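A.B. asks: Dumping the structure here so I can ask a few things about it.
The values are calculated or read from the model by the stated rules, or taken from the named source; none is laboratory data. This is a predicted model, so every value here is computed, not measured. Ideal geometry is used to build each Cβ from the backbone, glycine not excepted, and the neighbour counts take in all protein chains shown. Just the protein is used for accessible areas: all its heavy atoms, side chains included, with ligands, DNA and RNA removed. Shrake-Rupley method; radii C 1.70, N 1.55, O 1.52, S 1.80 Å.
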Amino acid sequence: MNQINNLSKLNSASFFTKKTLVDIIGGNDDAIAANIKRWIKSGILIQLKKGLYVTKEYYQACPDKQSYYEFVSNFLKKPSYLSGEYVLQKYGILSESVFTYTSTTQKKTKVYINKLGVFNYSNIKDKLFTGYKIISKSGFDIKEATKAKALFDFLYFRLLKAPQINQEIIDSFRLNLDNFYPKDFSELNSFIKLLNIKKINNLVNYLKGGTNDSGRTKIFN
């Protein structure tokens with residue numbers, strides 16, 4: 001019972017490590033491991049990944065779970081920022097529903113699955129780990145790609161290994177770019193120049209020359 005009472009001291013923590021549990025509860029590694037396993041099984045503790053946890057009490061009391069999920073996506077793998085499909089869906093650029101939290105990282109590609117959801121991380125070159133902003137929501141600071149960088153990352157991971165890029169390939173993504181403005185294209189082009197790969201250089205022209213979902217040619221100012 002004393003251990004449960006001590007665990008309740010972490011009910012205000014958005015996440016904590018195994019080391020924190022040792023400091024709060026005490027005991028040797030075997031005892032801590034046994035307690036963690038038991039608490040996860042009983043639902044008292046939620047494992048975000050191996051060695052990283054949050055209490056059920058904190059999770060249930062969290063008033064803005066969506067923002068918490070986004071915050072979690074940032075610290076499951078560091079450094080990283082939300083990007084790709086997840087961010088593009090926010091802007092209506094992708095018409096399909098996205099149920100995975102997609103992020104870009106400088107570390108190895110990885111997928112984490114826990115009770116909160118599926119968190120997918122794709123590796124990108126260090127020089128391209130840019131184009132994100134920090135958004136404060138419900139007390140959480142969340143790193144998220146700009147609209148242009150989210151599109152760049154989405155296409156980067158799909159086109160980099162393609163032998164060639166043409167209009168048909170770009171149209172197959174069925175992107176809705178009605179709200180993608182000249183400043184967004186300018187920002188996108190800056191990332192293309194930073195990448196500096198010949199087959200990618202005409203990407204903006206393909207995006208502007210494609211068709212929308214109704215089959216009509218897209219026209220941009």
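A.B. asks: Among the residues of segment 74-91, count how many are within 25 Å of Lys50 (Cα to Cα) and open to solvent by less than 50 Å² (accessible area, probe 1.4 Å).
C.D. replies: Residues meeting the conditions: 10.
A.B. asks: Could I ask something else about it? Which residue out of Lys199, Lys127 is exposed (fewer than 14 other Cβ atoms within 10 Å of the Cβ), basic (Lys, Arg), touching a Leu at 6+ places or on another chain (Cβ under 7 Å) and in a helix (DSSP H, G or I)?
C.D. replies: Values: Lys199 fails: touching a Leu at 6+ places or on another chain (Cβ under 7 Å).
Within the list Lys199, Lys127, the selection yields Lys127.
A.B. asks: Out of all the residues in segment 62-73, which are surrounded by fewer than 14 Cβ atoms within 10 Å (Cβ to Cβ) and acidic (Asp, Glu)?
C.D. replies: Asp64
A.B. asks: For segment 141-180, what are the residues that are in a helix (DSSP H, G or I) and farther than 22 Å from Tyr101 by Cα? It would help to see each step written out before you state the result.
C.D. replies: Residues of segment 141-180 that are in a helix (DSSP H, G or I), as a first pass: 147-159, 167-171.
Correct list: Gln167, Glu168, Ile169, Ile170, Asp171.
A.B. asks: Next up: From Leu207, Leu194, Leu188, Leu175, grab the single residue that is exposed (fewer than 14 other Cβ atoms within 10 Å of the Cβ), modelled with pLDDT of 95 or more and more than 15 Å from the chain's Cα centre (by Cα).
C.D. replies: That would be Leu194, the only listed residue that is exposed (fewer than 14 other Cβ atoms within 10 Å of the Cβ), modelled with pLDDT of 95 or more and more than 15 Å from the chain's Cα centre (by Cα).
A.B. asks: Let me ask you something else. Determine whether segment 7-21 contains at least one residue that is open to solvent by 60 Å² or more (accessible area, probe 1.4 Å), in contact with a Gly (Cβ under 8 Å, 6 or more places away or on another chain), of a type outside the set (Val, Ile, Thr) and modelled with pLDDT of 90 or more.
C.D. replies: For segment 7-21, residues open to solvent by 60 Å² or more (accessible area, probe 1.4 Å), in contact with a Gly (Cβ under 8 Å, 6 or more places away or on another chain), of a type outside the set (Val, Ile, Thr) and modelled with pLDDT of 90 or more: present.
A.B. asks: Hey, could you check segment 92-110 for residues that are under 17 Å from Lys78 (Cα atoms) and either out of contact with any Phe, Trp or Tyr (no Cβ under 7 Å at 6 or more places or on another chain) or not in a strand (DSSP E or B) (or both) and say which is least open to solvent (accessible area, probe 1.4 Å)? Reasoning before the result, please.
C.D. replies: Initially, segment 92-110 is screened for residues under 17 Å from Lys78 (Cα atoms), giving 101-110.
This time we only want the ones that are either out of contact with any Phe, Trp or Tyr (no Cβ under 7 Å at 6 or more places or on another chain) or not in a strand (DSSP E or B) (or both), so: 106-109.
On the way: Gln106: 67, Lys107: 104, Lys108: 165, Thr109: 96 Å².
Taking the candidates together, the pick is Gln106.
A.B. asks: Restricting the search to segment 124-138, which residues are in contact (Cβ under 8 Å) with a residue 24 or more places away in the chain and within 27 Å of Pro63 (Cα to Cα)?
C.D. replies: Passing the criteria: Tyr132, Lys137, Ser138.
A.B. asks: Next question. Going through segment 22-54 one residue at a time, which ones are open to solvent by 30 Å² or more (accessible area, probe 1.4 Å), outside any helix (DSSP H, G or I) and either at pLDDT 90 or above or of a type in the set (Lys, Arg) (or both)?
C.D. replies: Of segment 22-54, the ones open to solvent by 30 Å² or more (accessible area, probe 1.4 Å) are 22-24, 27-31, 33-34, 37-38, 40-42, 44, 47, 49-50.
Imposing the further condition that a residue be outside any helix (DSSP H, G or I) reduces the set to 27-28, 44, 47, 49-50.
Residues satisfying the conditions are Ile44, Gln47, Lys49, Lys50.
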